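The values are calculated or read from the model by the stated rules, or taken from the named source; none is laboratory data. The structure displayed is predicted, hence computed values, not measured ones. No Cβ is skipped: glycine too gets one built from the backbone with ideal geometry, and neighbour counts run over all protein chains shown. All accessible areas refer to the heavy atoms of the entire protein, side chains included, with ligands and DNA or RNA removed. Shrake-Rupley method; radii C 1.70, N 1.55, O 1.52, S 1.80 Å.
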Amino acid sequence: MAKLSFLLLGAMIMLGLIWLRTAYATFRAQKPQDYAETGPIFDIREHLNGTIDCDGVIYGPTGRVTSRFTGVFHAEWDGNTGQMSEHFVYDNGNTQDRFWTLKVDDQGRITATAPDVVGTGTGWQSGAAVQLRYKIQLPEQAGGHVLDTVDWMYRSANGTITNRSELSKFGIKVAELVATMRPRAAGSQEQLAAE
């Protein structure tokens, strides 16, 4: 009986340690207030506006790169409401188009909707960072699963935005995305080629 008690106590301690690590020492444990005093200030109405070029990679559950992509985004704002279209080209030749409606209130709270987002995403802009949480439904060719997504974007002084996203199912990480986004300079070669 004593062995069973020690085994149960050990299991409870391990579960408690796992919970503490998840709650305080992982990517998902970040909070917007962690970045409130950081700069440069990231306001999506200003910094996710116009034409934006994107490059990124997607990691699978084993941590290996499963896909690389490039993207071109176009965002326009009318006061606190923005519309953003995204066009992605993946290394296997597949393309994907997404469309977001974003709203920001005066306290920095963000709501986001998109055709492949289940319900409404919510988040905050705080200091140099933006957080967004939502449920995304994958396309049928990717299994059609609904995944919990946490996006964090961080603005650097030169205007580059680094995006890190974690996608999970039943609390288990199934993919991670890391991308950089840069505002397209007026008259750049990409701009001239697109016209």
Problem - Selection from region 156-167 of residues that are open to solvent by less than 50 Å² (accessible area, probe 1.4 Å), more than 12 Å from the chain's Cα centre (by Cα) and in contact (Cβ under 8 Å) with a residue 60 or more places away in the chain - result: Ser156, Gly159
Problem - Residue, least open to solvent (accessible area, probe 1.4 Å), within region 94-125, restricted to residues that are out of contact with any strand residue (DSSP E or B) (no Cβ under 8 Å at 6 or more places or on another chain) and at pLDDT below 95 - result: Asn94
Problem - In region 24-40, the residues that are free of Cβ contacts under 8 Å to residues at least 60 places away in the same chain and open to solvent by less than 60 Å² (accessible area, probe 1.4 Å) - result: Thr26, Ala29
Practice task
Output yes when any residue across region 165-187 is modelled with pLDDT under 95, assigned to a loop (DSSP other than H, G, I, E, B) and charged (D, E, K, R), and no when none is.
Solution key: yes
Practice task
Assess whether Thr149 counts as being among the β-branched types (Val, Ile, Thr), crowded, with 16+ Cβ neighbours inside 10 Å and in a strand (DSSP E or B).
Solution key: yes
Handout entry: Residues within region 113-143 that are touching a helix residue (DSSP H, G or I) at 6+ places or on another chain (Cβ under 7 Å) and part of a strand (DSSP E or B), tallied
Key = 6
Exercise for the section: Examine region 41-55 for a residue that is in a strand (DSSP E or B), farther than 20 Å from Thr111 by Cα, open to solvent by 40 Å² or more (accessible area, probe 1.4 Å) and at pLDDT 95 or above, and state whether such a residue exists. Expected result: yes
Problem - Selection count where residues are of a type in the set (D, E, K, R) and either at pLDDT below 95 or not in a strand (DSSP E or B) (or both), scope region 62-93 - result: 2
Handout entry: Any hit, region 119-128, residues being without any contact (Cβ under 8 Å) to a residue 12 or more places away in the chain, within 15 Å of Asp43 (Cα to Cα) and of a type outside the set (A, V, I, L, M, F, W, C)
Key = no
Completion exercise
Log entry, pairs with first residue in region 137-155 being closer than 20 Å to Asp97 by Cβ, second being in a strand (DSSP E or B) and among the small types (Gly, Ala, Ser), beta carbons closer than 9 Å, six or more apart or on different chains, reads Leu147/Ser168; Leu147/Ala175; Thr149/Gly121; Thr149/Ser165; Thr149/Ser168; Asp151/Gly121; Asp151/Gly123; Asp151/Ser165
